[in-house]
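Some notes on the structure that comes next.
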DNA sequence: GAGTGGTCTAGACCACGTT
DNA sequence: ACGTGGTCTAGACCACTCA
């Protein structure tokens, strides 16, 4: 496997390398297998380590590789499907949802959140932190913003803070009737705290799912969930979801 | 604005730089404004150009900046909301959808597509290329795979190829009754052809939306649409969608 | 302590858009 | 022709995991 020469169209080296490695992953490696280290790989392909790393970053972004500092680079399993569009008629915290409440605080929200909630900028909101685990590994971290007005009967006494308080807030939320929800998905990079929870480095690519829950003609809750973009495929709709992967045979065109 | 020093927790330089630049974008720049070039910026912050570029890449990934070779780096407008979850009951190509057919070919599909279509590996499918433009710029490129069995009455004569052939295939598709659809979203990197159509470089981050259209108890069509991740926020659900941005203290919009 | 990936440097040259 | 961002190099050191 030396470097091949077909430079009539000067394709970047790292891009060509990405293709070569991608094909090698299909044909010569199996899931979980450890690749040679970056210095060896770079030497083998006759490129600088930085260039080799550019190719690896691409493949990691595409969910083909998993790299861990101090450990090595391994072949990643196919992305797991994570259902996002279900529970169309249920509040967060309803029986059997995929989330596990971790904490709850009462704060004055950031300006952007206050705007989306259509509430006063000074009005305090409950912030529930939740995490989602799938197939034994963390896939998402969520911040749930709930205006105090949405849970008027919440007693601050019996659950002052922590997970029990979070559960109490979610329980109160069920009393409202959910009228609908808006959802948006965009690319982002993990903040330091989310990154830690997702077992990634800060700045790791994440899919940010923003959901607005409507009740009483207003926004009763706002969820900002960040999913690991490298390991997750977000599925919407009724059934399990579509499966399209890379494979040994590509680009018949 | 020199480099500040708080290294008790050795935060990476590029990450700190990203934060500093992000705040500067909020307070000192307006949308469309041109930033100083990379060499000047690197010198101003006392870092190597590669480090400065790492920070810029983060900000571009987050949709805050737009960089174009030969031109410069500009402050990006907020991401545009692009509706993806509507048309729940309509086929692709139905009246007034957002897509513009560009081409159509008849090929034996890649293995991965054949699997998702639940059709024989050798069975030919129509591949319709479409593009989507929003607010005057291209936002998505799509490949629509339609098994020949889904459009049995298509006459190959009157529209041999090109956009007119694509329209003919889509027209035939409307005769089937749509029973449902599955949708999934994941992160990917643009292939060379898609990148060109999206006015980006190969490898640019894209949101890949895979939709399976069901009719007659089988998969009657499969859409693989790649959206520019830097400029698009995919919206689902009934109304316009949620808006959450970064922002200093105001939402002037 | 050995080995891994992550960060950073100071250069060089290239491809592209504008002038 | 010039200035821009994009690619690439050959090093160095750091942070982390694990035996």
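How high is the FRET efficiency between residue B:199 and residue A:100 when r is their beta carbon distance and R₀ equals 45 Å, given to the nearest 0.05?
According to the calculation, E is roughly 0.60.
Return a whole-number percent for the relative contact order of region B:13-75, with Cα pairs under 8 Å and 6 or more residues apart as the contact set.
Averaging sequence separation for qualifying contacts and normalising by length gives 43 percent for region B:13-75.
Taking every residue in B:184-196, how many Cβ atoms of other protein chains lie within 10 Å of its Cβ, on average?
Counting other chains' Cβ atoms within 10 Å and averaging over B:184-196 gives 6.
Other chains near B:58-64: what is the mean number of their Cβ atoms within 10 Å of each residue's Cβ?
3
Can you tell me how region A:82-165 classifies by the Cα gyration tensor, rounded, prolate or oblate, using a/c under 1.5 as the rounded cut?
In terms of gyration-tensor shape, prolate.
Kirkwood-based Rg over Rh for region A:80-235 (C-alpha set), two decimals?
Value, to two decimals: 0.94.
Which order do the peptides A:107-116, B:39-48 come out in when sorted by mean C-beta neighbours inside 10 angstrom, highest first?
In decreasing order of mean packing, A:107-116, B:39-48 become A:107-116, B:39-48.
Region A:44-77 to region A:92-167: how many Å between their Cα centroids?
The distance from the Cα centre of region A:44-77 to that of region A:92-167 comes to 37 Å.
Suppose R0 equals 45 Å. What FRET efficiency, 1/(1 + (r/R0)^6) with r the Cβ-Cβ distance, do residue B:177 and residue A:23 give to the nearest 0.05?
Once rounded, the FRET efficiency stands at 0.65.
For peptide A:223-230, what's the mean number of Cβ atoms from other chains within 10 Å of each residue's Cβ?
Going residue by residue through A:223-230 and averaging, the value is 2.
Within region B:200-222, name every residue whose backbone N is under 17 Å away from a label modeled 7 Å from Cα of residue B:153 along the Cβ vector.
Inside the label zone: B:216.
List the distances, in nm to one decimal, from the label point of residue A:96 to the label points of the same position in every other copy, shortest first, placing each label point 7 Å from Cα along the Cα-to-Cβ direction.
Output for residue A:96: 3.8 nm, nearest copy listed first.
Rank A:69, A:191, A:130 by mean-square fluctuation in a GNM of chain A with C-alpha springs under 10 angstrom and give only the top-ranked residue.
A:69
Can you tell me the relative contact order of chain B? Whole percent, Cα pairs under 8 Å, sequence separation 6 or more.
19 percent
Any read-out appearing in this document is the output of simple, stated calculations on the displayed coordinates, not a laboratory observation. Small disclaimer: the values here were computed from a predicted structure and weren't measured. Neighbour counts run over all protein chains shown; Cβ positions are idealised from the backbone, glycine included.
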